[in-house]
Amino acid sequence: MERRTIKIAMNGVTGRMGYRQHLVRSLLALRQQGGLDLGDGTVLWPEPVLVGRREAALRDIAGRHGLEHVSTDLAAVLADPEVEVYFDAQVTGAREAALRRALAAGKHVYCEKPTALGFAAALELARLARAAGVKHGVVQDKLFLPGLLKLRRLVEDGFFGEILSVRGEFGYWVFEGDRQPPQRPSWNYRAQEGGGIVADMFPHWDYLLHELFGRVRTVQALTRTHIGRRWDEEGRPYEATAEDAAYGIFELEGGAVAQINSSWTVRVHRDELVEFQVDGTRGSAVAGLRTCRIQHRATTPRPVWDPDVPTAEPFRAQWREVPDDGPVDNGFKAQWELFLRHVVRDEPWRWDLLAGARGVQLADLGLRSCAQGRRLTVPEVTL
């Protein structure tokens, strides 16, 4: 087989998501399997170029994984004609400027979400990418996870009949930082640095709802900063200025209603950190990241409300597991493979910067809905 090397500038690999999911479990995993087989006698070999501000941290990562290319000079990396793709997993506030530089340099771009701090900027990035004539993509990893792949299969097979509602619960307790170290960086709780659970999670809800059930037509949200005082990575107290919980209602194209709670101040009483219950006229399903359980209309029990008698119904036992449909790879890696095929072979791709702008739009409208205390229409996003 012929091996074709593709150099990828990776900015943000010193962060947890950039390092674990994108570098180690995606591109390095592709190298460990011998590269990406394109099916035509060619194997694509990803060659990461680690970019960031902390040279020592970058060199430590490179040394641990046998990588050659490290740089703290983004301009020099973007000027290198051998670098074909720019990937960004930096903090949100730094992403837009870096993406603009990469697009101006004519690089294909792939990035985490949100793509920018506001909708206008996110839409402008999509316009710049189209004008540059480059390939561009946004990470929408949850679409590639086993539980949601099963849910998609149920939707496409018509299992639900008419879909009536979607209920989502996401979140966990993020420690304040005084007694136990927090699991999330402190910038997440500073609005002035692009923090907040709405900017973080509403782009996820947008692409999940859009792809599985239909475009979001209206949004009504209520946000709260439930914990106003937290401690940063150095143990210093600070005021949390961004919301740590959001309660959203989304009206979908076709009439279904979605209700999704997102919280970093909730203790988990679920099988997974995120679960979605979908109810339809012919059946229902509860899907997490890994598993999916169903109950068909023909097997639905007949509960009777009687608060004076202990519940005898084994409700959870009345649901059936949806079997795996073959092995499922890491969701981030699966999307990386599709994006690289798109870049090299021009294979189909729809998770572009315009889709990323749609997610930022929903986050913006969610925050505005809360501020104004009313439901808002979500206009269709076009270039």
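Of note:
- Stokes-Einstein D for the range 219-317, Kirkwood Rh over Cα pairs, 20 °C, 1.002 mPa s (µm²/s): 124 µm²/s
- Quarter the surface of the alpha carbon convex hull of the range 149-208 and you get the mean projected area, 5.9 square nanometres.
- Pair-distance distribution of the chain: all C-alpha pairs, bin width 10 Å, starting at 0; shares per bin in whole percent are 5, 21, 30, 26, 13, 3, 1, 0.
- Residues whose amide H falls under 5 Å from that of residue 165, counting only those 5 or more places apart or on a different chain, are 257, 279, with hydrogens built in the peptide plane.
- Proximity of backbone amide H atoms, modeled 1.01 Å from N, is registered between residue 213 and no other residue at under 5 Å, excluding neighbours fewer than 5 places apart on the same chain.
- Cut-off under 5 Å, modelled amide H: who pairs with residue 226 long-range: 244, 245
- Between 273, 23, 145, the GNM of the chain built on Cα springs shorter than 10 angstrom shows 273 fluctuating the most.
- The range 139-247 - Rg over Rh from alpha carbon coordinates, Kirkwood radius: 1.07
- Residue ranges 196-209, 297-310, 35-48, 314-327 sort as 196-209, 35-48, 314-327, 297-310 when ordered by packing (mean number of other C-beta atoms within 10 Å per residue, highest first).
- A full extension of the chain between residue 191 and residue 241 corresponds to an added length of 17.5 nm, given 0.36 nm per residue minus the alpha carbon distance.
- The label point for residue 224 and the one for residue 270, both projected 7 Å from the Cα toward the Cβ, are 1.7 nm apart.
- If the segment from residue 2 to residue 306 were pulled out straight at 0.36 nm per residue, it would be longer than the present Cα-Cα gap by 102.5 nm.
- Whole-number percent relative contact order across the chain, with pairs defined as alpha carbons under 8 Å at least 6 apart: 20 percent
- Packing rank of 331-337, 9-15, where each peptide gets the mean count of other beta carbons within 10 Å, highest leading: 9-15, 331-337
- Listed values for the range 110-115 are Karplus-derived 3J(HN,Hα) couplings in whole Hz (6.51 cos²θ - 1.76 cosθ + 1.60, θ = phi - 60°), namely 9, 8, 6, 10, x, 6, and x replaces Gly and Pro.
- The Cα-based radius of gyration of the range 40-146, divided by its Kirkwood radius, gives an Rg/Rh of 0.98.
- Distance cut-off 19 Å, percentage of C-alpha pairs in the range 288-348 lying past it: 60 percent
- Loop sites in the range 1-88: trypsin sites (Lys or Arg not before Pro), DSSP, at most 16 other Cβ within 10 Å: 53, 54
A short reminder: the numbers here are calculations on the coordinates, not readings from a lab. Computed from a prediction, not measured in an experiment: that's the story for all the values here. Note: ideal-geometry Cβ built from the backbone for every residue, glycine included; neighbour counts use all protein chains shown.
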